[in-house]
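Working notes, beginning with the structure itself.
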Amino acid sequence: MPGKMAQPDAPRSEGPSHGQSHVEVVSVRLAFGDRRVFDGLSCRFSHAKISVILGASGVGKSTLLRIIGGLQRPDYGDVWIGEQEISRLSERQMQRVRSRLGMMFQGGALLDSMTVFDNVALPLREHTRLSKREISDRVHAQFDAVGLKRVDALLPGQLSGGMKKRAALARAMITEPEILLIDEPFSGLDPLAVRLIEALLVEVNRTKGLTMILTNHHIGSTVRMADEVVFLIDGASIHGSVKEIKESIDPRLQRFLEAAGTGPSLEDAS
Amino acid sequence: MLELVRKFGWRSISIVHGLGGITLFGSRLAFETLAPPYRLRRLIDDVYNTGVLSLAIVCASGTAVGLVLGLQGYNTLVRFGAERSMGAVVGLSLVRELGPVLTALLVTGRAGSAVAAEIGAMVATEQLDGLRMMAVDPIDFVTQPKAFALFVSMPLLSALFIVSGLFGGYLVGVGLLGIDAGTYVSSLENNIDFRNDVLGSVLKSVVFGALVGLISTWRGFTAAPNSEGVSRATTGAVVQASVATLMVDYVITALWGVGV
């Protein structure tokens, strides 16, 4: 079954239209000056699944993630996190919503003046009354979960690309969010590191039941780990399972997959 | 012609928008300064970076300015047979004007630019967005301690600049030109008034500290998220803070100093 194309002029939703969806974007329009990024984009991301936002460079994958995280306001349209519409919330109201979210940025976005330990401990120090000992225990448990060792006193600048991604993931997960937004987790990593991060994300998703939304242009890893795919194209989206995307007859999607070298046989990538 | 009007209109709107933005930002900084949590550790770190690390340049510059004031003052005063007033000339020049203004310009170049560049780089590398996603307000966590550090450091650095300048004037006047030490010091004491001169100087340095702190953090905070944006923010912070310092200096001098 081919993926469903979102209609640019779809009516605004009064609430999430899909029982299982955890995050829903409805009829979102966004332009930066003359450049229109989204023109009625609608898509949804299921609860406790790994959803991958796929698309060519500059199509708005990271921007969509920023919209979901409330870092970018759409010009028009709704963004639902569970039962809450967030696109018109004030920054202070948004802070409360963000306590349910975690985000891993493409470059890590670790505070470079603070040690790795302090970076990961920061959300706990800011939002909980845990003792120093408890914070230390939780941070080290998180380090173990992402496979980081002896990095407490290191500054982010002293970490390799893969370690930086792990530290960023540890920080994003330390407050046990419901939804994890992950921007290009595999960019700049060698194939071995890609596999390690991939396995880590899948394990976290399966064990903690997190809703994960990733942007990615790495077809192989998308096929291996995604439960569902949102393919962005021309300011709108095609969404479906990996199988549905694979079997889509949409020529734009086929062209993208062929250009990625995996078009006719996505199975190869897996 | 229409294009010119359009450009002028856009420029005007952008200036008003910028002024509105910096006013709101300044209000937020003031609010975050008064409201808990008080980030003492971060404030101490930032006072160290902006204040303590500026000590050497401020003291060296103050001494150099005092040496020059001593020489120039003596050459002028000796024509009128008033070289005994050298302490007053050096002291009044430093306390009323040169101390607060030159300190503000030095701190802008040394610390204001660093603050703007650091915050701008944090914007470019999504560190501020990272804080937002952790439900941590970047104005409260990053910019407020830096702005407040500049605010509290400025009067202290200005005082040190003045003391260094007085010492430089003393070295030239007493050590080089042979003016009696007691004469230099008593001229200084008798002619500097606490309320009109010293308090005016403190007022200026406090206002300049607030200005430099506000402009430096604002320029960094609103930097475009790329290397050119960081560069523009840094340059803009130095230029705008320096010009604002000189213009506000005139206003304070006109309101506080003239005719007193």
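Each stretch of four or more DSSP H residues adds -39500 (n - 2.57); spread over every residue of chain A, this sum gives -11000 deg cm²/dmol at 222 nm.
Shielding of peptide A:111-123 by partners, expressed as the average count of other chain Cβ atoms within 10 Å per residue Cβ, is 3.
Remark: spin-label model distance B:Leu19-A:Gln84 equals 3.8 nm, labels positioned 7 Å along the Cα→Cβ axis. Would segment A:87-130 count as rounded, prolate or oblate if I go by the C-alpha gyration tensor, calling it rounded below 1.5 in a/c and otherwise prolate when a/b exceeds b/c, oblate otherwise? Cα axes put segment A:87-130 in the oblate bin. Relative to the dominant Cα principal axis of chain A, helix A:161-173 is inclined by about 90°. Once the chain from B:Arg41 to B:Leu4 is taken as fully extended at 0.36 nm per residue, the excess over their C-alpha distance is 8.2 nm. Binning the C-alpha pair distances of segment B:122-172 at 10 Å intervals from 0 yields a P(r) profile of 23, 27, 19, 16, 12, 4 %, listed from the shortest bin outward. Taking other Cβ atoms within 10 Å as a rough exposure proxy, A:Cys43, B:Cys59 sort from fewest to most as B:Cys59, A:Cys43. Between amide H atoms placed 1.01 Å from N, distances below 5 Å from B:Tyr38 occur with no residue 5 or more places distant or on a separate chain. Note down the net charge around A:Val79, summing +1 for each Lys or Arg and -1 for each Asp or Glu among other residues with Cβ under 10 Å from its Cβ. Counting the neighbours of A:Val79, the net charge comes to -1. As a rough footprinting exposure proxy, the listed residues B:Met154, B:Met86 were ranked by other beta carbons within 10 Å of their own, and the order from fewest upward is B:Met86, B:Met154. Remark: mean inter-chain Cβ contacts per residue of A:88-101 equal 2, using a 10 Å Cβ-Cβ cutoff to other protein chain atoms. Nearest 10 degrees is fine. How inclined is helix B:113-124 to the longest principal axis of chain B, computing both from alpha carbons? It works out to around 10 degrees. Against chain A, whose longest principal axis comes from its Cα atoms, helix A:191-208 is set at around 90 degrees. Annotation: amide H of A:Ser46 within the under-5 Å range of A:His22, sequence separation 5 or more or interchain, hydrogens built in the peptide plane. Whole-Hz Karplus values for segment B:223-229 come out as 5, 5, x, 8, 5, 5, x Hz, taken residue by residue from phi with 6.51 cos²θ - 1.76 cosθ + 1.60 and θ = phi - 60°; glycine and proline positions read x. If the elastic network links every pair of Cα atoms under 10 Å, which of A:Glu176, A:Glu83, A:Glu24 fluctuates the most in the Gaussian network model of chain A? The residue with the greatest mean-square fluctuation here is A:Glu83. Quick one: work out the % antiparallel among DSSP beta bridges in the protein assembly as shown, nearest 5. The antiparallel proportion sits near 55 percent. Computed across the protein assembly as shown, the Kirkwood hydrodynamic radius from all distinct Cα-Cα pairs reaches 26.5 Å. Arranged from fewest to most other beta-carbon atoms within 10 Å of their beta carbon, A:Val79, A:Val242 become A:Val242, A:Val79. Taking a Cβ cut-off of under 10 Å around A:Ala145, the surrounding Lys, Arg, Asp and Glu residues balance to a net charge of 0, with basic ones at +1 and acidic ones at -1. Distance from the alpha carbon centroid of segment B:76-153 to that of segment A:176-214 works out to 44 angstrom. Of B:Val230, B:Val163, B:Val185, the residue with the greatest mean-square motion in the GNM of chain B, using alpha carbon springs below 10 Å, is B:Val185. As a rough guide to protection, the peptides A:67-77, A:187-197 ranked by mean Cβ packing within 10 Å, highest first, stand as A:67-77, A:187-197. Equivalent ellipsoid of chain A: semi-axes from √(5λ) of the C-alpha gyration tensor, largest first, are 31, 23, 16 Å. Normalised by residue number, the volume inside the convex hull of the Cα atoms of segment B:39-257 is 121 Å³ per residue.
Within the shell of other residues whose beta carbon sits under 11 angstrom from the beta carbon of A:Ser99, the net charge comes to 0, with Lys and Arg scored +1 and Asp and Glu -1. Inverting the mean 1/r over all pairs of different Cα atoms, compute the Kirkwood radius of segment B:221-260 and quote it in Å. Value: 11.9 Å, from the Cα pair sum.
The amide H of A:Gly77, built 1.01 Å from its N in the peptide plane, has A:Arg29 as neighbours under 5 Å, considering only residues 5 or more places off or on other chains. Compute a Gaussian network model of chain B, connecting alpha carbons closer than 10 Å, and tell me which residue from B:Leu102, B:Leu211, B:Leu34 fluctuates the most. Evaluated over chain B, the most mobile residue of the options is B:Leu34.
FYI, it's all coordinate maths here, none of it is from the lab. Being a predicted model, the structure only gives us computed values, none of them experimental. Using ideal geometry, Cβ is built from the backbone for each residue, glycine included, and neighbour counts are taken over all protein chains shown.
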